[in-house]
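**Q** I am attaching a structure below and will ask some questions about it afterwards.
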Amino acid sequence: MLPVLSPVPGTAVAMTGVPDPVFAQGMVGPGAAVEPDRAPQDALAPITGRILKLHPHAFVVVSTEGRGVLVHLGIDTVTLGGAGFDLLAAEGDQVEAGTPVIRWNPADVAAGGRAPIVPVVALDAAPDAVADPAAGEVAAGDRLFSWA
């Protein structure tokens, strides 16, 4: 089991609760989401590994075993063109779980009419690969789910 940590503080939500069908229907993969606290915050690496992809609004960390986890900061945030997101790491960086990767403010995302919810996806995983999803309040760095 690979523990996948919450990248942000807030309330754990089932993936079906994400207001975007691509995530809600598991088209990207299984996982869980976090409705983030509205304070400025750092989004943390959910697993130890290498940053494979890094965009202002999203990133993928791949473990040494080849498991990739996508963290997407808000819905439709790609349309912001990076405004409001500060990169704290670079593509190719080796990171420990809990390392700050992006600084952002969910309140700004919400103020712009976008959902600030943060889907955390086990890429290329079977639908039943995610186990023991967290419920209720989570701190950044708490276990969000386990990847079997």
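**Q** What is the Cα radius of gyration of the stretch 1-61 over 2.2 N^0.38 Å, N being its residue count?
**A** Scaled against compact globular proteins, the figure is 1.16.
**Q** Skipping prolines and chain starts, which residues have an amide H placed within reach, meaning under 5 Å, of the one on Ala45, given they are 5 or more residues away or on another chain?
**A** Residues meeting the amide H criterion: Gly98, Thr99, Val101.
**Q** Which whole-number percent is the relative contact order of the chain (Cα, under 8 Å, 6+ apart)?
**A** 37 percent
**Q** Non-local amide H neighbours of Asp37 (under 5 Å, H modeled in plane, Pro and chain starts lacking H): which ones?
**A** Answer set, sorted by chain and number: Gly10, Thr11.
**Q** Moving to a separate point now. Fully extended, how many nm does the chain gain between Thr16 and Ala107 (0.36 nm per residue separation, minus their Cα-Cα distance)?
**A** 30.5 nm
**Q** Now for a separate question. Hey, could you grab the Kirkwood Rh for the chain? Inverse mean 1/r over distinct alpha carbon pairs, Å, one decimal.
**A** When all Cα pairs of the chain are included, the Kirkwood radius is 14.7 Å.
**Q** A further question on this structure: Based on the mean of other Cβ atoms within 10 Å per residue, sort peptides 140-148, 86-94 so the most packed one is first.
**A** Highest to lowest by the protection proxy: 140-148, 86-94.
**Q** Can you report the principal axis dimensions of the stretch 69-111 using only the alpha carbons, biggest first, rounded to whole angstrom?
**A** Largest to smallest, the principal-axis extents are 33, 18, 17 Å.
**Q** Kindly provide the helix-only [θ] at 222 nm of the chain, computed as the sum of -39,500 (n - 2.57) over DSSP H runs of four or more divided by all residues, to the nearest 500 deg cm²/dmol?
**A** Calculated at 222 nm, the ellipticity per residue is -1500 deg cm²/dmol.
**Q** Still on this structure: Full-extension gain between Val62 and Ala90, please, as 0.36 nm times their residue separation minus the C-alpha to C-alpha distance.
**A** The Val62-Ala90 span can extend by a further 8.7 nm.
**Q** Shifting gears a bit: I need the peptides 125-135, 106-116 ranked by packing, meaning the mean over residues of other C-beta atoms within 10 angstrom, with the highest value on top.
**A** In decreasing order of mean packing, 125-135, 106-116 become 106-116, 125-135.
**Q** With +1 on the Cβ of every Lys and Arg and -1 on the Cβ of every Asp and Glu, and nothing else charged, how large is the dipole of the chain about its Cα centre, in debye rounded to the nearest 20?
**A** Here the chain has a charge dipole of around 140 debye.
**Q** Based on other C-beta atoms within 10 Å, arrange Val71, Val78 from fewest to most.
**A** Ranking Val71, Val78 by Cβ neighbours within 10 Å, fewest first, gives Val78, Val71.
Computed from the coordinates by the stated procedures, all read-outs in this text should not be read as laboratory data. The structure displayed is predicted, hence computed values, not measured ones. In this analysis, Cβ positions are derived from the backbone assuming ideal geometry, glycine residues included, and neighbour counts consider all displayed protein chains.
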